[in-house]
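Below is one structure, written out as structure tokens; comments come after it.
The values are calculated or read from the model by the stated rules, or taken from the named source; none is laboratory data. Quick caveat: nothing in here was measured; it's all calculated off a predicted structure. Here the Cβ is made from the backbone with ideal geometry for all residues, glycine too, and neighbour counts use every protein chain on show.
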Amino acid sequence: MRLLLVAYEFPPSPSPQSLRWTYLVRELAARGHEMHVLAPDLGGMIAGLPELPASVTVHRTFAGPFRGVIALQRKRRQRRAARANAAGAGRPSPTATDDPIALRPPRGWKQRVSEVLQSILGLALFPDLRGEWNPWARPALTRLLVQLSPDLVIASHEPANTLELVRRACGNHQRWVADLGDPILAGYTPRRWRRRARDVERSVCAQAALLTVTTAQTAALLRERYTNTAPIQVLPQGYDARNDLAHRTRGTLFDPSRLELLYTGSLYRFRRIDALSAALHADPGLRLSIAAVTVPEQVMTLAARMPEQIRLLGFLPHRDVLALQRQADILVNIANDNPAQVPGKFHEYLGAGRPILHLSDSADATGALLETLRRGWSCRNDDASLHQLLLQLARRHKHNMLDAGLNLDQAPVAGYSWQAIAARLEAALQSAARRAATDVAATR
């Protein structure tokens with residue numbers, strides 16, 4: 001099939017949705033499909049993201065006034081860096097050592113200013129600042145539909161403006177698929193956009209040839225909300241089974257004499273790690289490393305007080321994060337606000353083959369899956385509960401019994417690999433294309 005993906009979040013963006021479709025595009029191309037992607041030009045590249053085969057064509061357009069200017073600045077910086085590297089070719093590199101990854105500041109003033117500006121501009125754009133891409137994406141999509149005549153168009157949510165773009169361009173012809181992931185109308189949707197989000201969600205569910213979501217609970221929610229709903233396929237986030245663990249960071253950040261805990265991913269108001277950070281005083285041999293773009297002030301304060309037990313790694317390339325996950329003793333996962341949702345990072349952790357510590361204030365889908373797979377432990381996200389569990393885990397670690405009773409093999413989680421998920425997606429897309437072709441023929 002010839003497939004056209006419309007995705008705002010795509011490399012160089014390192015977001016979970018970007019990684020989702022980078023892996024899926026790669027695997028669909030490997031299965032023989034002709035892949036095209038319409039995405040904004042966000043400028044430059046970020047090291048460590050999955051590589052796409054040369055057969056994949058990415059069509060870039062201007063991202064909009066705000067992100068477009070940032071993209072131009074990023075490109076200038078990378079060109080200057082490339083010239084400087086070329087001028088210094090042949091000299092010994094000051095970083096060409098076997099030292100661990102250089103740590104980066106968790107957050108700078110430029111990022112804070114950028115966040116404020118994005119919040120202000122997002123007041124007028126649906127669903128947020130990324131809606132500024134629409135005036136440039138719309139004519140590009142129209143042109144590609146004529147040039148490529150794709151069998152199916154896929155809209156990647158989030159953000160929701162990609163769904164609006166594809167729905168308006170393809171209409172009721174049903175030659176398009178909506179990868180919703182999560183509902184468009186969610187608990188975190190700003191009040192000013194709730195009516196519009198529901199309208200978009202209703203029309204997408206009625207007009208698309210196929211909906212893909214990340215959990216069975218989301219599928220049930222959409223069927224409950226709307227009687228007229230397209231077929232729904234559950235496709236969770238995944239891990240890369242092609243990662244043969246050969247890639248390693250230079251050296252290691254972990255001390256075998258310590259019980260090393262690692263958290264990778266974003267931290268939100270509802271995804272708090274301060275209780276775990278505070279509970280580390282249970283044993284001085286415990287250490288928590290956090291690889292996140294932004295870190296709450298409380299955690300930064302604790303890290304300054306407890307530098308031997310809390311390390312802030314800042315942003316790290318995706319491949320380096322994957323390598324660190326496979327080296328840590330325990331991977332920390334924190335529940336989403338919605339107990340029916342399973343964080344995408346959890347599925348990535350499954351591929352690491354290391355025990356998972358899941359923090360949640362109530363029973364949720366992630367904890368149930370963790371128990372079924374025997375992949376780790378669930379604990380209430382409070383200081384007292386974590387203090388007690390960490391003492392037990394520290395004792396088990398000292399006696400080389402940390403993994404006892406767990407099943408860390410790859411076979412039980414193979415269905416969560418991107419390769420397996422892409423195979424299920426391929427079958428669903430082929431079925432959707434046949435239905436769409438039949439519907440179009442019936443209307444002639």
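Things worth noting here:
- Within the range 358-379, the only residue that satisfies the criterion of being touching a residue at least 60 places away in the same chain (Cβ under 8 Å) and part of a helix (DSSP H, G or I) is Ala365.
- Count of residues meeting criterion [out of contact with any Pro (no Cβ under 8 Å at 6 or more places or on another chain) and surrounded by fewer than 17 Cβ atoms within 10 Å (Cβ to Cβ)] in the range 397-419: 13
- Of the criteria (1) modelled with pLDDT of 85 or more; (2) buried (at least 16 other Cβ atoms within 10 Å of the Cβ), which one Ile101 fails: (1)
- Residue among Thr214, Thr294 that alone is touching a helix residue (DSSP H, G or I) at 6+ places or on another chain (Cβ under 9 Å) and within 26 Å of Ala420 (Cβ to Cβ): Thr214
- When Arg167, Arg225 are screened for being farther than 23 Å from Gln430 by Cβ and either in contact with a Lys or Arg (Cβ under 8 Å, 6 or more places away or on another chain) or surrounded by fewer than 23 Cβ atoms within 10 Å (Cβ to Cβ) (or both), only Arg225 passes.
- Index of the failed condition, Arg198 passing every other in (1) in contact with a helix residue (DSSP H, G or I) (Cβ under 9 Å, 6 or more places away or on another chain); (2) modelled with pLDDT under 95: (2)
- Single condition Val200 does not satisfy, out of (1) touching a strand residue (DSSP E or B) at 6+ places or on another chain (Cβ under 9 Å); (2) surrounded by 18 or more Cβ atoms within 10 Å (Cβ to Cβ); (3) outside the structural domain of Phe315 (by TED's automatic domain parsing); (4) among the aliphatic types (A, V, I, L, M): (1)
- You will find that of Ala140, Ala160, Ala124, the residue that is surrounded by 15 or more Cβ atoms within 10 Å (Cβ to Cβ) and more than 25 Å from the chain's Cα centre (by Cα) is Ala140 and no other.
- Residues located in the range 250-309, provided they are under 18 Å from the mean Cα position of the chain (by Cα) and among the aromatic types (Phe, Trp, Tyr): Tyr263, Tyr268, Phe270
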